[in-house]
Amino acid sequence: MADSALGRVVDGLDIETFLLCENEEEGRNQAFLLMKELGFLQADVIFCEYIGMGVRVRMRAVMNKPCHHYSWLPE
Amino acid sequence: MPRVIGVVGTAKNTGKTTTILHLLRQGHIKNIPIALVGIGYDGEDIDNVTRLPKPRIFMEKGMFVATSEKCLELSTAELRVISRTGFMTPLGEVVTAKIEDPGLVVVSGPNQAVGLRGVIEEFSSTGVALILIDGSINRIIPLMEADVLVFATGASRNSDISKLTHEMKAIHEIFRLPEAPAEARLMKDANTISILSLNGEIQSIPITSIYDSQDIELLNQALRKESRYVYIPGIVSLGALKIFASEFSSRIASKAFIFPNAGHILAEGHPCDFAQLIPLLESLEIEIRILRSVPLAAVTINPFYARWSPQETKYISCAVNKKELERTMSAILPIPVFNIKEGASDRRLFELLTTSLC
Amino acid sequence: MPLDPVHDLGLRLIKKALDEAGHKTILLPPDLSLDEILKRAAEQKHLDYILVSRTIGYGAAEILARFMDLAEATGLRKKTKIAVGGMGIDVKLAAELGFDAGFPSTTTPDQALSYIENRGRLFQNSRQTRIIRNKTDLTKGFSYKFHQDRTQQLLEDIADQILSWAKNKTSPGIERARIKEEILLCEKKGRSSDSSKIKHLRTRYLDLCDPEIAHSYLGQNLPSRTWKIPAQRVKNFQRHIRKLCSQLTLRNPIFLSQNPRLFVQIGSGSPLMDIVHMKICEAWGADGVITICPSSSARHEGLLNGLLNHEGDGTLLTFQNLLLIKKFMAKGTLWGIRAHRGLNSPEAVLYAGLAKADLTKLNFFYGSLGAGTDPARLVVDTLESIRLSAKFGIPFDVPSNDELGGIPTPMSFAGLLVMTKVALRLGAKPILKPLFCYSPWIILNEYMLDNYVDFNAAKIKALRAIVDAPLWVGEPAGFMTHTEDRIQSAVTTALHIELARSLAVQAVTIASTDEAYSRGVINLNPRLDSMKAVEATHRFLGQNQISPSPKADIWAEYLISKIDEILSSARERKDFIRCLHEGIFGGPNEGVYPGRAGRNTIREKA
């Protein structure tokens, strides 16, 4: 098995939260920044909705793609 | 009246903003009061560190800008509003402002020629000597208010150097179309297609543009032997022009089609096809003329472009051979070609565009 | 006009709205060339607007920009305004492409109509689409008539016993409330001449408090895990939240004009965080908020003072905390403040009245048998609280969370009915609050072995058969059916709430998906999980009902007959307080014991 806990994630790591911001564009940008701060340089926005005061957002960091090497599988 | 320079990008990332920044810097160095106005919206980059939107255009104290109200708060430069133009865009009213403290500016201005004319008039009363218009080839009509144009093109438009340079040549040829003779200017205020005959008589037909064979037929019915100039205040579609070249050439031989300016030809969007048709039409004694010529004085080139990599699921930066690009473009065009990034301190472009000012 | 071959549904909906408003519209077929569109436009004598619909894809932006260029070249822009809308369109892109207006894909036909009718003035600020919610009186239209004379009589007799027993009794809680009312009214007047009077009143108040409350009242020596909120933080918070709130829009309530009203419970420990949760829940469709205070504060005589944070299971009930929360509350939001347990019930209702809350919560059965307060003390206090609620015109709900302690439903409901009758006698307006829950008694008797529908429906049917009164399913709906799994939790909440709607109750309280998470504070996003689930489930069902099986009727009749037995026993006993102690409404057999806080603190009035 993988050395790290993160390496044991089958495919993706979703982060879901509520970020305060003034509009959806700002919310999206901050969500990407959040993932970057957490060490995930590549992330995707699965869901982002702004109604008032902030965005409800789900971000995904892809750990393993189906057609590539898997971090949890010894080569 | 200030000198108005239109900077036209043929696609995103062709170096238009770089060219504008270069010209702003040159103007600032020479202490020329300089203004910037956009006809759309020069969006911000996303700062890679902060993920915050960051305007791209840096302006110095003493420069002027025309932008929409909502863009004032997006700018980091301190702007003092001088006048309100009354012209509305989706981002609010277009205002003219002076830079009090240098910083980054989001430029979004009037989206039509009439609004741009208003802005130019506003600036002329503030002592501005040079106005830069931030434009795009897909919105060429407002840029016809300029005194001179510079096109920014590059591999982002087409990474095939041959096709890219041929297209620029076609564009230049369209800009080089001769002006119509003085007598044809009698029709310049016409709102619909007007025909001036040799005996001075002007007829009108109730359409502004020619799109299809139906419109062509309407025109043909109005044309007479003595008809000499056909003024088209709108456009002629490429398809219609092809029909003229093939089916109706005898009827419109020895006549001249006159457009308000080169923009009315370029707006259709097929410069190479149009440019190919022009000599064909001329050989059939059908002249294409324009009322007001706006010279295309120079071209700037950017060899870089972004290519999508499916494996890496992101865009990666590529470049064509910059020397080959510059060489080919220079050979094919009778006007100067500049690579701004390479010659950042090169004053030649600025001097070329502002000959009477320096 | 759609520039996209396939997606002209949005335009069709907009055309419908424009046609219905009397405008003349032409819908062009999709996939026309730019030349064809321009020619068609030129042929119109009067053309005020062109609306372009496009799903953004490769090359789309260039086509749109070119369209605007051609529109200008052909003179079309002189007479016609042109707007673009659809996927990926926003105001900035519309500006870049040269349009007069840009509409995102979430634009409704009404908004497009508004643009046309406002002569092209765009509603840039989404506040213009703010929905104003009006407060609902949950008790409106109910006669409170008991359908069976026998039940009516039983309850009248029990109410007589209670009221006569309590007639001349008072408590420190009641006296503190009276003093506090005077203090607050003096403070409101703000006259400097009253300062010594206030000081005197405060001394009297503190004499009636527990020592730890008295010592902490002026802000020093606060109890553990309680802090004054720094003034600068409050200032910054107010400024910051005001700024964020300026873009706030209230969505339509999830159930629009039909019932039930949707309530959330908020008590993070800090009024500041409570406000953030409240604003966002308001925006996302909550109709009301119930402020939760810590259970520990119920055991002390006296309430603390000032803007205070508390690390625990609720936000401290101080007048200043409540006023701050109220300051940020939207006009249409219903607000409930609990007063059903502990030694400060009358003062809590006083606060609710003076802070202009809409609802309070009272139940001396639950408070004494399930929440630790001495029955006699709580009865006396609650009667005063009921009088105060009537005085302030605030209805109160009667919760039946005592079921969760093991009390059988019939006993809990008997209590609800007694409370209802007493309230009516004192001129107040009660709302019965049956619990949709998977309670111990229900588990033991296997009433919900197959489904959660029938027995919950039976509860509503039983109450309806007894009295014509407003019903509120709480607190929250689906109690004990939630796990920590977010999806499971959201779904069970949503389905319980749809059941409540099907049974036409007046209000529901909604859990968050943190409901089963007991180790920390309820977070914001989990609240939205549940609200979204309710919204989606309601979208699925619409006006359709979740219908119980005939079992629900059988169980409803069973409940009614058991309630009758309990009320009869209570009346026979002729000593209401003894009833509470002897377990007629729940006792050791059911796993509950009368509370002790406040024992022997009642005295005769002077």
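For B:Glu282, are the conditions met, namely being farther than 23 Å from B:His166 by Cβ and modelled with pLDDT under 90?
Working: farther than 23 Å from B:His166 by Cβ: no; modelled with pLDDT under 90: yes.
So B:Glu282 fails the test.
Any residue at all in the stretch C:572-586 that is open to solvent by less than 50 Å² (accessible area, probe 1.4 Å), touching a Cys at 6+ places or on another chain (Cβ under 9 Å), in a loop (DSSP other than H, G, I, E, B) and over 30 Å from C:Gly288 (Cα atoms)?
If we filter the stretch C:572-586 for residues that are open to solvent by less than 50 Å² (accessible area, probe 1.4 Å), which is where we start, we get C:576-577, C:579-580, C:583-586.
Pick out the ones that are also touching a Cys at 6+ places or on another chain (Cβ under 9 Å) and you get C:585.
After this cut, where a residue has to be in a loop (DSSP other than H, G, I, E, B) as well, the list is C:585.
Okay, now just the ones that are also over 30 Å from C:Gly288 (Cα atoms), so C:585.
Yes.
Among the candidates A:Leu34, A:Leu13, A:Leu38, single out the residue that is open to solvent by 60 Å² or more (accessible area, probe 1.4 Å) and of a type in the set (A, V, I, L, M). Give the derivation first.
On the way: A:Leu34 fails: open to solvent by 60 Å² or more (accessible area, probe 1.4 Å); A:Leu13 fails: open to solvent by 60 Å² or more (accessible area, probe 1.4 Å).
Among A:Leu34, A:Leu13, A:Leu38, only A:Leu38 is open to solvent by 60 Å² or more (accessible area, probe 1.4 Å) and of a type in the set (A, V, I, L, M).
Can you confirm whether C:His200 is farther than 22 Å from C:Arg338 by Cα, loosely packed, with under 15 Cβ neighbours inside 10 Å and in the same structural domain as C:Ala339 (by TED's automatic domain parsing)? Break it down into steps so the answer makes sense when it comes.
Working: farther than 22 Å from C:Arg338 by Cα: yes; loosely packed, with under 15 Cβ neighbours inside 10 Å: yes; in the same structural domain as C:Ala339 (by TED's automatic domain parsing): no.
No, not satisfied.
Are any residues in the stretch C:164-189 among the hydrophobic types (A, V, I, L, M, F, W, C) and either open to solvent by less than 40 Å² (accessible area, probe 1.4 Å) or modelled with pLDDT of 95 or more (or both), and if so, which ones? Walk me through how you get there before you give the answer.
Start the filter on the stretch C:164-189 by keeping residues that are among the hydrophobic types (A, V, I, L, M, F, W, C), which leaves C:165-166, C:174, C:177, C:179, C:183-186.
Selection gives C:Trp165, C:Ala166, C:Ile174, C:Ala177, C:Ile179, C:Ile183, C:Leu184, C:Cys186.
Could you please find all residues in the stretch C:63-82 being more than 7 Å from chain B (Cβ to nearest Cβ) and either basic (Lys, Arg) or in a strand (DSSP E or B) (or both)? Can you show your working first?
Within the stretch C:63-82, the first condition is being more than 7 Å from chain B (Cβ to nearest Cβ), and the residues that meet it are C:63-64, C:67, C:71, C:76, C:78-82.
The answer is C:Lys78, C:Lys79, C:Lys81, C:Ile82.
Which residue, of C:Ile407, C:Ile431, is out of contact with any Pro (no Cβ under 7 Å at 6 or more places or on another chain), in contact (Cβ under 8 Å) with a residue 40 or more places away in the chain and not in a helix (DSSP H, G or I)? Reasoning before the result, please.
On the way: C:Ile431 fails: out of contact with any Pro (no Cβ under 7 Å at 6 or more places or on another chain).
That would be C:Ile407, the only listed residue that is out of contact with any Pro (no Cβ under 7 Å at 6 or more places or on another chain), in contact (Cβ under 8 Å) with a residue 40 or more places away in the chain and not in a helix (DSSP H, G or I).
Any chance the stretch C:207-229 includes a residue that's at pLDDT below 90 and within 14 Å of chain A (Cβ to nearest Cβ)?
No: zero hits.
Out of all the residues in the stretch B:234-248, which are open to solvent by 20 Å² or more (accessible area, probe 1.4 Å) and either more than 9 Å from chain C (Cβ to nearest Cβ) or touching a Gly at 6+ places or on another chain (Cβ under 8 Å) (or both)? I'd like the intermediate steps shown before the answer.
Residues of the stretch B:234-248 open to solvent by 20 Å² or more (accessible area, probe 1.4 Å): B:239, B:242-243, B:246-248.
Scanning the stretch B:234-248 gives B:Lys242, B:Ile243, B:Ser246, B:Glu247, B:Phe248.
Here is a check on your reading of the model: is C:Ile280 in a helix (DSSP H, G or I), open to solvent by less than 50 Å² (accessible area, probe 1.4 Å), within 14 Å of another protein chain (Cβ to nearest Cβ) and among the aliphatic types (A, V, I, L, M)?
Values: in a helix (DSSP H, G or I): yes; open to solvent by less than 50 Å² (accessible area, probe 1.4 Å): yes; within 14 Å of another protein chain (Cβ to nearest Cβ): yes; among the aliphatic types (A, V, I, L, M): yes.
In short, yes.
Counting only residues that are over 30 Å from C:Ala42 (Cα atoms), give me the strands (runs of 3 or more DSSP E) lying completely in the stretch B:110-199 with at least 2 of them. So that I can check it myself, show each step before the final result.
Numbers: elements: B:130-136, B:148-154, B:194-197.
So the answer is B:130-136, B:148-154.
Is it the case that B:Gly115 is in contact (Cβ under 8 Å) with a residue 60 or more places away in the chain and either closer than 20 Å to B:Val7 by Cβ or open to solvent by 10 Å² or more (accessible area, probe 1.4 Å) (or both)?
On the way: in contact (Cβ under 8 Å) with a residue 60 or more places away in the chain: no; either closer than 20 Å to B:Val7 by Cβ or open to solvent by 10 Å² or more (accessible area, probe 1.4 Å) (or both): yes.
So B:Gly115 does not fit the description; no.
Scan the stretch C:46-57 and give yes if some residue there is open to solvent by 50 Å² or more (accessible area, probe 1.4 Å), out of contact with any Ser or Thr (no Cβ under 9 Å at 6 or more places or on another chain) and either of a type in the set (Ser, Thr, Tyr) or within 11 Å of chain B (Cβ to nearest Cβ) (or both), otherwise no.
no
If you check B:Glu217 against the conditions, is it within 14 Å of chain C (Cβ to nearest Cβ), more than 24 Å from C:Arg66 (Cβ to Cβ) and charged (D, E, K, R)? Quick ask: steps written out before the conclusion?
Working: within 14 Å of chain C (Cβ to nearest Cβ): yes; more than 24 Å from C:Arg66 (Cβ to Cβ): yes; charged (D, E, K, R): yes.
So B:Glu217 fits the description; yes.
What helices (runs of 4 or more DSSP H) lie completely within the stretch C:307-404 and have 2 or more residues being more than 30 Å from C:Gly586 (Cα to Cα) and in contact (Cβ under 8 Å) with a residue 12 or more places away in the chain?
Details: elements: C:319-328, C:345-354, C:364-369, C:375-392.
Where helices (runs of 4 or more DSSP H) fall fully within the stretch C:307-404 and carry at least 2 residues being more than 30 Å from C:Gly586 (Cα to Cα) and in contact (Cβ under 8 Å) with a residue 12 or more places away in the chain, they are C:319-328, C:345-354, C:375-392.
What number of residues within the stretch C:439-473 are in a loop (DSSP other than H, G, I, E, B), out of contact with any Gly (no Cβ under 8 Å at 6 or more places or on another chain) and not acidic (Asp, Glu)? Explain how you work it out, then say what you get.
Step one: of the stretch C:439-473, the residues in a loop (DSSP other than H, G, I, E, B) are C:439, C:445-452, C:468-470.
Checking which are out of contact with any Gly (no Cβ under 8 Å at 6 or more places or on another chain) leaves us with C:445-451, C:468-470.
Filter once more, keeping what is not acidic (Asp, Glu): C:445, C:447-449, C:451, C:469-470.
Looking only at that region, the number is 7.
The values are calculated or read from the model by the stated rules, or taken from the named source; none is laboratory data. Predicted, not measured: the structure shown is a model, and the values here were computed from it. Ideal geometry is used to build each Cβ from the backbone, glycine not excepted, and the neighbour counts take in all protein chains shown. Note: accessible area is taken over every heavy atom of the protein model, side chains too, but ligands, DNA and RNA are not part of it. Shrake-Rupley method; radii C 1.70, N 1.55, O 1.52, S 1.80 Å.
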